[in-house]
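Below is one structure; the comments refer to it alone.
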Amino acid sequence: MIQNEVDHSLFYQHSPQGCIYLIVYVDDIVIIGSDQHGITNLKQYLSRQFQTKDLGKLWYFLGIEVAQSKDDLVISQRKYVLTSWKRLAY
């Protein structure tokens, strides 16, 4: 994987099979991409090197809600905004 020059917490790999992006934030890792075989291999590699736990499909990360279907990915900060608004109101 190649580390992004601007955001050092972002790693990527592009190949004829597709792309893989890995984002690291403190002790959380998000892996997304179109190369499912490559993602499976990456998860296996990481589990051999580190103590990891696959939490399944991404649904919430850094204040961003993620809804996925077979064809779509929708992200929203609705929950974050509502929580922040309530804190400001008091």
Assigning unit charges at the beta carbon (Lys, Arg +1; Asp, Glu -1) and nothing else, what dipole magnitude in debye, to the nearest 20, does the chain show about its Cα centre?
400
Computed over the chain: relative contact order in percent, which uses C-alpha pairs under 8 Å that are six or more apart
12
For the residue pair ILE32 and GLN3, what label-to-label distance in nm results when each label sits 7 Å from Cα along the Cα-to-beta-carbon direction?
2.3
Out of the total accessible area of the chain (probe 1.4 Å, heavy atoms of protein only), what percent is carbon and sulfur?
56
Hey, what does the equivalent ellipsoid look like for the chain, semi-axes from the Cα gyration tensor as sqrt of 5 times each eigenvalue, largest first, whole Å?
28, 16, 14
What is the stretch 38-90 by shape, rounded, prolate or oblate, if you read a ≥ b ≥ c off the alpha carbon gyration tensor as root eigenvalues and call it rounded for a/c under 1.5, prolate for a/b larger than b/c, and oblate otherwise?
oblate
By how many nm would the segment from PHE61 to GLN17 lengthen if fully extended, with 0.36 nm per residue of separation less the alpha-carbon distance?
13.2 nm
Phi angles of the stretch 58-63, converted by Karplus (6.51 cos²θ - 1.76 cosθ + 1.60, θ = phi - 60°) into ³J(HN,Hα) in whole Hz with x for Gly and Pro, give 5, 10, 7, 7, 6, x
Here the gain from full extension of LEU46 to LEU73, 0.36 nm per residue of separation minus their alpha-carbon distance, amounts to 7.2 nm
Hey, can you find the accessible area per residue of the chain for me, probe 1.4 Å, expressed in square angstrom?
86
Computed [θ] at 222 nm, deg cm²/dmol, the chain (DSSP H ≥ 4; -39,500 (n - 2.57); rounded to nearest 500)
-9000 deg cm²/dmol
Selection from PHE11, VAL74, LEU42, by position along the positive dipole direction of the chain (Cβ)
VAL74
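The values are calculated or read from the model by the stated rules, or taken from the named source; none is laboratory data. Small disclaimer: the values here were computed from a predicted structure and weren't measured. Ideal geometry is used to build each Cβ from the backbone, glycine not excepted, and the neighbour counts take in all protein chains shown. In case anyone asks, the SASA skips ligands and DNA or RNA and just uses the protein heavy atoms, side chains included. Shrake-Rupley method; radii C 1.70, N 1.55, O 1.52, S 1.80 Å.
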